[in-house]
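Undergrad: Before I ask anything, let me first share the structure, which is written out below as structure tokens.
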Ligand code: SF4
């Protein structure tokens, strides 16, 4: 895993639930089918009310119409990101859309577990709520070793919280990889 | 140790565990359904091999319930995938659509079928798996990767949660239901107020509740971010189980010196009919403060508010009157549905009461609780304003992003269906 992720940020508010990340009506597609699973990228974050999609301006689609991938690589959000249902389709949809990291002030636990055990992307927690300081479209860079987020557009810098005990699973790339390394399966 | 800590310690083969510790536990039951079963099975095969066998067929319970009565071809295919996996793996506990065994909403069906047992560890690919905590077991929701891991190994890692204890003291007013109490708590602590923690419910108010009311409390802990909800098993629990299962279990009780993250007490004067306004279960207010809020849809159903006692409560208010807005009722399971016909208030069955008051009755399943395909019974397809006994009112949760959902108890929903605006049920009881 590279220690730097760089890309355009897509900014969301607090309590982004899994119905907003991937609305229930799309859960019928097969994630294990290459063609069909593109729909998860297509509809990622399509449940977010328009006014709150891409803050602070809002009304910014996360995925362009007819597209299956997003221009935004990093999601910046407030507290309780991923609350609601246990659908692993949610982190999967973000991954299919091309998201590599989420930076939020806190996560709902099932989503957090799913992101880590499924190895979909890296969930960082920010020390302060940076969703009110970063604008959608800003180019940001996350340094895994220093646990810092740099906003290249405004030249500001923010601290992230180290991953703690789950770092081993994140580094392995997911629960199964971790279990294999540790000879559990 | 708390109940949750004791169950987890036992299942990890440890004498003692501390909150914050990561441990591996043995799993008693894995529950899955039609939405998350198929991707779970795909990961299972990918990881353990195409000929892999599940760790213990007796411990896998598959209850399709989400997208059942729809013509959506992808949804139907999901049920086919369940069938193939069940026959390939010889799984005995499958409640297939269209079969005599078909049940409906998994969290209500699971205890009905005797799979929610004190002292056990239950994981399910659905966030409301927490419901079974009403039986004094550790029950929580997980994703597909975790479920696939369990299918192959019978184990999973968990972080031992801290426990927040909620004590409901004294007699609960006759017009207040368990739903009002959990909405009140979520409103007080916020939608992430119990994040990563256990919510334990105790006190004389909880002891006086039947199992279905207790299930309403533990069902919605996830709406406060809770990992699991739990209630110490007692005579009410054992009486329910004796009628339903021969399976053995070992109840776990709390140690006297158990330590809690916090202990919060509620007394009867604090309990009122509550409503959660759009678009968050934590956005609560007493029903009486929202009088005059206009509605054009009412919905009674789901794992939270679609049990027989929920319908009984609604029927008490509706009987002899007429609804003034479109009112959809969906029994959670086939057993609840049968109960509507066999349970009477005076001379009328509940079923007749719903029909006579102008309600539409749908087949047992999750139906519009989570929106679902466009042809789903009761789905909010436009800018409807709905009052519902379900558990979530996120934007677009019950269908259209234009719709608005108010969450309330069956009493409040029934009273509001009569008037077309949010109504405090106290006036009707
Ligand atoms: S009834 Fe609603 S909340 Fe309950 S399992 Fe079904 S979709 Fe989920």
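Derivation of every value follows stated rules applied to the coordinates shown; laboratory data play no part. Quantities reported herein were computed from a predicted structural model and do not represent experimental measurements. Cβ sites come from the backbone with ideal geometry, for glycine too, and all protein chains shown count toward neighbours.
Undergrad: Among A:53, B:130, which comes first, second and so on when ranked by fewest other beta-carbon atoms within 10 Å?
TA: A:53, B:130
Undergrad: Where does the range A:1-51 land on Rg(C-alpha)/(2.2 N^0.38 Å)?
TA: That works out to 1.38 for the range A:1-51.
Undergrad: Regarding the range A:4-91, what whole-number volume in Å³ per residue does the convex hull of its Cα atoms give?
TA: Once divided by residue count, the hull of the range A:4-91 is 110 Å³.
Undergrad: Follow-up question, since we're still on this one. Can you give the mean number of other chain Cβ atoms that lie within 10 Å of the Cβ atoms in peptide B:179-187?
TA: Taking the mean over all residues of the peptide, I get 0.
Undergrad: Here is a further query. First check a/c for the protein assembly as shown, with a ≥ b ≥ c the square roots of the eigenvalues of its C-alpha gyration tensor; if it is under 1.5, answer rounded, and if not, answer prolate when a/b is larger than b/c or oblate otherwise.
TA: Cα axes put the protein assembly as shown in the rounded bin.
Undergrad: Taking the Cα atoms of the range A:4-181 alone, what are Rg (to one decimal) and Dmax (as a whole number) in Å?
TA: According to the Cα coordinates of the range A:4-181, Rg and Dmax are 15.1, 45 Å.
Undergrad: Counting only DSSP beta bridges with both residues in the protein assembly as shown, what percent are antiparallel, rounded to the nearest 5?
TA: 35
Undergrad: So how much slack lies between residue B:263 and residue B:244, counting 0.36 nm per residue of separation and subtracting their Cα-Cα distance, in nm?
TA: 3.5 nm
Undergrad: DSSP beta bridges in the range B:3-266, what fraction antiparallel, as a percent rounded to 5?
TA: Of those bridges, close to 15 percent are antiparallel.
Undergrad: Let me ask something additional. Order of B:187-193, B:291-297, B:365-371, B:393-399 by packing, highest average Cβ count within 10 Å first?
TA: Final packing ranking: B:365-371, B:393-399, B:187-193, B:291-297.
Undergrad: Between the range A:1-36 and the range B:242-299, how far is it from one alpha carbon centroid to the other, in angstrom?
TA: 31
Undergrad: Quickly estimate the mean residue ellipticity at 222 nm for the protein assembly as shown, helices only: each DSSP H run with n ≥ 4 gives -39500 (n - 2.57), and the total goes over all residues, rounded to 500.
TA: Theoretical 222 nm ellipticity from helices: -7500 deg cm²/dmol.
Undergrad: Can you compute the FRET efficiency between residue A:171 and residue B:344 using 1/(1 + (r/R0)^6), with r the Cβ-Cβ distance and R0 = 60 Å? Round to the nearest 0.05.
TA: Here the calculated transfer efficiency is 0.45.
Undergrad: Counting only DSSP beta bridges with both residues in the range B:274-424, what percent are antiparallel, rounded to the nearest 5?
TA: 30
Undergrad: Follow-up question, since we're still on this one. Can you pull the mean other chain C-beta count within 10 Å for peptide A:13-25?
TA: What the average comes to for A:13-25 is 6.
Undergrad: Could I ask something else about it? Average projected area of the Cα convex hull of the range B:16-157, in nm²?
TA: With the hull built on Cα positions only, its mean projection is 8.6 nm².
Undergrad: To two decimal places, what compactness ratio does the range B:184-279 give when its Cα radius of gyration is scaled by 2.2 N^0.38 Å?
TA: Ratio of Cα Rg to 2.2 N^0.38 Å: 1.19.
Undergrad: Taking a quarter of the surface of the Cα convex hull of the range B:3-266, what do you get in nm²?
TA: So the mean shadow area of the Cα hull is 14.5 nm².
Undergrad: Find the relative contact order for chain B and round it to a whole percent, using C-alpha pairs within less than 8 Å whose residues are 6+ positions apart.
TA: Relative contact order of chain B: 17 percent.
Undergrad: Could you tell me what % of all Cα pairs in the range B:274-424 have separations over 20 Å?
TA: 40
Undergrad: Continuing with this model, one more query. In nm², what is the average projected area of the convex hull enclosing the Cα atoms of the range B:4-97?
TA: 7.6
Undergrad: Taking neighbour counts of Cβ atoms within 10 Å as a proxy for exposure, in what order, fewest first, do A:109, B:316 appear?
TA: B:316, A:109
Undergrad: What is the packing order of peptides B:11-22, A:36-47, taking the mean over residues of other C-beta atoms within 10 Å and listing the highest first?
TA: Top of the packing list down: A:36-47, B:11-22.
Undergrad: Per-residue mean of other chain beta-carbon atoms within 10 angstrom of the beta-carbon, peptide B:67-73?
TA: Per-residue shielding by partner chains comes out at 1.
Undergrad: Let me ask you something else. Using a 10 Å cut-off around each Cβ, can you sort B:45, A:148 from fewest to most neighbouring Cβ atoms?
TA: A:148, B:45
Undergrad: Something else about it: In nm, give the distance between the simple-model label positions of residue A:145 and residue B:355, each being 7 Å from the Cα along the Cα-to-Cβ direction.
TA: Result for the modelled spin labels: 7.4 nm.
Undergrad: Next question, about the same structure. Based on the Cβ-Cβ distance of residue B:207 and residue A:71, what FRET efficiency does E = 1/(1 + (r/R0)^6) give at R0 = 45 Å, to the nearest 0.05?
TA: With R0 = 45 Å, the Cβ-Cβ based efficiency is 0.20.
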